[in-house]
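This report concerns only the one structure given below.
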Amino acid sequence: MLETLIKYAPLLLQGVLLTLELVAASAIGGFILGVLLALAFYSPRWGVRRFVEMYVWFFRGTPLLVQLFLIYYGLAQFDWLKQSFLWRGFLDNPYWCAILALSLNTAAYVAEILRGAIRTVPAGEIDAGKSLGMSRHLRMRRIILPTALRLSVPGLSNEAIILVKASALASTVTLMELTGVIKTLIARTYQPLEYYFLAAFLYVVINSLIVRGFKLIERRWPHRYA
Amino acid sequence: MQAFFDYIPFVVKGLWITVLLALASGAGMLLVGMLLATVGRARSRKLKQFVSWYTSFFRSVPELIVILLLYFGGSLLIRDVYLFFGSTEPPVISPFIAGVAALSLCYGAFASETLRGAFAGISDGDKDAGKALGMSRSLRLRRIVWPQVWRLALPGLGNLFLVLLKDTALVSVISLNELMRQTQIVVSLTQLPFTCYLVAAGLYLALTSLTGAGLRHIERRALRGYA
């Protein structure tokens, strides 16, 4: 096993790097979209709030695998989409489809975490902003969002781990990330037990590094309501 | 489109297997969770260490890997054992069993954490009252501790079950003909990927929404007289 392992080390490294790339891109995309959705949930417009509710309901209520297949395999059903500029290099590419599906999915969970955190921001702080004559938007930007973001760090840390695990699904749309590479190695060596355990070990390493990173953020960014 | 409707019984069969898979894995999750929670409360430090390793391992490893590991790795292991004892025709693991085992092991880790939290929420006074009545340790556990643990752990376990329900779709990768796998087959027959996957999404949505409503109903019943 050791000899083959050394031989395939570069391939494995590429797999790990692609996993990290997918996770990083989807974390950024999912976070930005999640913040926007959480803000939209507090919109004065009924239609906007309703949209956010439906979005979260759909993405939390269906398996990620279905969402991924809807995007990667499903969209090819529409000829007008295949003619459009979005098709070549973006929607026909498993890499971007995986990032899109993971981002859309993560955004729903991030929005839920933030929505919960926004509710727990002390009312006195918001009143203080009001009494200073701050506008709705200014209060959101200066008071509510910073506090809510700090409060949601532990929840976001959990979400990051779930995202790493979810990125393994990218192997089902032909991407050669960690799981995809492992499957290839098993097809070559026919040692499923050893290589799946190796994959499990590498995922544990990735996740423990991420947990450590979030602990660092929590320590560096003290908050007042602990 | 007409062709699409012809496949409805086919998809319904998949839906049924998904429901069975989720129920079996849910029961397995509770079993593994209860076992780990009990072992984790033992006095032995080694056992505690084992439970803590187990939970952190399954928290970090993708469910997909565990499913593949148990199915392909498990088949190979069983074959080796059979060949070792001289049997020529080793049995094959059914994807249903492998899927139930994998999901139970993964979600059992999370369930044990939820149960451990619930254990911590039971007042010492209740346990002391049992002691004062001369109840044995196991009787106290059965009559005083566990009934209350269920009530406290119910919301957490319900959420876990909802996540598990969605993860049953992953068992399609080892060709168990549950909802996702059946949908993939219909896609290959009709060439209507978006329509088919959207129908599957709708069915999953119906399953999770109904289960969620059912769980809320049970929670309300369990909490009557308390909250």
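Values quoted throughout were computed directly from the atomic coordinates according to the rules given, and no laboratory measurement underlies them. Here the structure is a predicted model, which means the values were calculated and not measured. A quick note on method: Cβ atoms are made from the backbone with ideal geometry, for glycine too, and the neighbour counts reach across all protein chains shown.
Which one, B:Ala27, B:Thr208, B:Phe84, is farthest towards the positive end of the dipole of chain B when Lys and Arg carry +1 and Asp and Glu -1 on their Cβ?
Final value for the positive-end residue is B:Ala27.
Nearest 20 debye, what's the magnitude of the dipole of the protein assembly as shown about its Cα centre given +1 on Lys and Arg Cβ and -1 on Asp and Glu Cβ?
With only Lys, Arg, Asp and Glu charged at Cβ, the dipole is about 1940 debye.
Only Lys, Arg, Asp and Glu count, each charged at its Cβ (+1, +1, -1, -1), so figure out the dipole size of the range B:87-220 about its Cα centre, rounded to 20 debye.
So the dipole magnitude of the range B:87-220 works out to roughly 540 debye.
Using the Cα centre of the range B:21-176 as origin and beta-carbon charges of +1 (Lys, Arg) and -1 (Asp, Glu), tell me which of B:Val149, B:Ala102, B:Leu165 is placed farthest towards the positive end of the dipole.
B:Val149
Does chain A classify as rounded, prolate or oblate by the C-alpha gyration tensor (a ≥ b ≥ c root eigenvalues; a/c under 1.5 gives rounded; else a/b over b/c gives prolate, otherwise oblate)?
Oblate, since a/c reaches 1.5 and b/c is not below a/b.
Quick one: what are the phi-derived ³J(HN,Hα) couplings along the range A:165-180, Karplus 6.51/-1.76/1.60 with θ = phi - 60°, whole Hz, x for glycine and proline?
Per residue, the Karplus-derived 3J(HN,Hα) values read 5, 5, 5, 4, 5, 4, 5, 6, 10, 6, 6, 9, 7, 3, 5, x Hz.
Read phi for every residue in the range B:192-204 and hand back ³J(HN,Hα) as whole Hz from Karplus 6.51 cos²θ - 1.76 cosθ + 1.60, θ = phi - 60°, with x for Gly and Pro.
For the range B:192-204, the Karplus curve yields 10, x, 5, 4, 5, 5, 5, 4, 4, 4, x, 5, 4 Hz.
Taking the simple approach of a point 7 Å from Cα along Cα-to-Cβ for both B:Asp126 and A:Glu21, what is their distance in nm?
Roughly 5.3 nm, to one decimal.
For the protein assembly as shown, restrict the atom set to alpha-carbon positions and state the Rg and Dmax in Å.
Over the protein assembly as shown's Cα set, Rg and Dmax evaluate to 24.1, 84 Å.
Length gain on complete extension for the stretch B:Ala27 to B:Phe5, per 0.36 nm per residue less the alpha carbon to alpha carbon distance?
Once the chain is fully extended between B:Ala27 and B:Phe5, it gains 4.5 nm.
In whole angstrom, note down how far apart the Cα centers of the range B:61-91 and the range A:1-72 are.
32
Which longest run of chain A has no exposed loop site in it, a site being trypsin sites (Lys or Arg not before Pro) in a DSSP loop with at most 14 other beta carbons within 10 Å, and the site itself not part of the run?
By the stated rule (loop sites, at most 14 other Cβ atoms within 10 Å), A:46-223.
What's the exposure ranking of A:Glu159, B:Glu63, B:Glu219, going from fewest to most Cβ atoms within 10 Å?
Least to most surrounded, the residues fall as B:Glu219, A:Glu159, B:Glu63.
If you keep only loop residues by DSSP, which chymotrypsin sites (Phe, Trp or Tyr not before Pro) in the range A:185-226 have at most 16 other Cβ atoms within 10 Å of their Cβ?
Passing both the DSSP loop test and the Cβ count: A:Tyr190, A:Tyr225.
Roughly how crowded by other chains is peptide B:66-78, in terms of the mean Cβ count from those chains within 10 Å of each of its Cβ atoms?
If you average over the peptide's residues, the count of other-chain Cβ atoms is 4.
When chain A is modelled as a GNM with alpha-carbon springs shorter than 10 Å, which of A:Leu39, A:Leu209, A:Leu193 fluctuates the most?
The residue with the greatest mean-square fluctuation here is A:Leu193.
Between B:Gln184, B:Gln49, B:Gln148, find the one with the highest GNM mean-square fluctuation for chain B; connect C-alpha pairs within less than 10 Å.
Checking each option, the largest mean-square fluctuation is seen for B:Gln49.
From the Cα gyration tensor of the range A:114-226, with a ≥ b ≥ c the square roots of its eigenvalues, which class applies: rounded if a/c is under 1.5, or else prolate if a/b is larger than b/c, or else oblate?
Here the range A:114-226 falls in the prolate category.
Quick one: among A:Ala111, A:Ala123, A:Ala160, which has the greatest mean-square fluctuation in a GNM of chain A with alpha-carbon springs under 10 angstrom?
A:Ala123
Divide by every residue of chain A the summed helix terms, -39500 (n - 2.57) for each DSSP H run of at least 4, and state the resulting mean residue ellipticity at 222 nm, rounded to the nearest 500 deg cm²/dmol.
Calculated mean residue ellipticity at 222 nm is -25000 deg cm²/dmol.
Restricting to Cα pairs below 8 Å that are 6+ residues apart, what does the relative contact order work out to for chain A? Please round to a whole percent.
So the answer I get is 28 percent.
Counting alpha carbon pairs within less than 8 Å and at least 6 residues apart, what relative contact order, in whole percent, applies to chain B?
Reported relative contact order: 30 percent.
Mind checking the mean number of beta-carbon atoms from other chains within 10 Å of the Cβ atoms in A:202-214?
2
What distance in nm separates the two pseudo spin-label positions at A:Thr174 and A:Leu216, each 7 Å out from Cα along the beta-carbon direction?
3.7
Based on other C-beta atoms within 10 Å, arrange B:Trp150, A:Trp80 from fewest to most.
Listing B:Trp150, A:Trp80 from fewest to most nearby Cβ atoms yields A:Trp80, B:Trp150.
May I ask you to sort B:Val81, B:Val186, A:Val16, B:Val51 by Cβ crowding, counting other Cβ atoms within 10 Å and putting the fewest first?
So the ranking, lowest neighbour count to highest, is B:Val81, A:Val16, B:Val51, B:Val186.
Between A:Arg45 and A:Trp87, 0.36 nm times their residue separation minus their Cα-Cα distance comes to what?
This chain segment gains 11.8 nm when fully extended.
Which of the three applies to the range B:1-100, rounded, prolate or oblate, going by the alpha-carbon gyration tensor with a ≥ b ≥ c and a/c under 1.5 meaning rounded?
The shape class here is oblate.
Counting alpha carbon pairs within less than 8 Å and at least 6 residues apart, what relative contact order, in whole percent, applies to the range B:132-227?
32 percent.
Which whole number gives the average count of other chain Cβ atoms within 10 Å of the Cβ atoms across peptide B:193-199?
The shielding value for this peptide is 6.
Spelling out what I want: for every residue of the range B:164-177, take phi, set θ = phi - 60°, compute 6.51 cos²θ - 1.76 cosθ + 1.60 (Karplus), and round to whole Hz; glycine and proline get x.
Values per residue, Gly and Pro as x: 4, 4, 6, 6, 4, 4, 5, 5, 4, 5, 9, 6, 7, 7 Hz.
If the chain between B:Leu77 and B:Arg143 were fully stretched, how many nm would it gain, using 0.36 nm times the residue separation less the Cα-Cα distance?
19.6 nm
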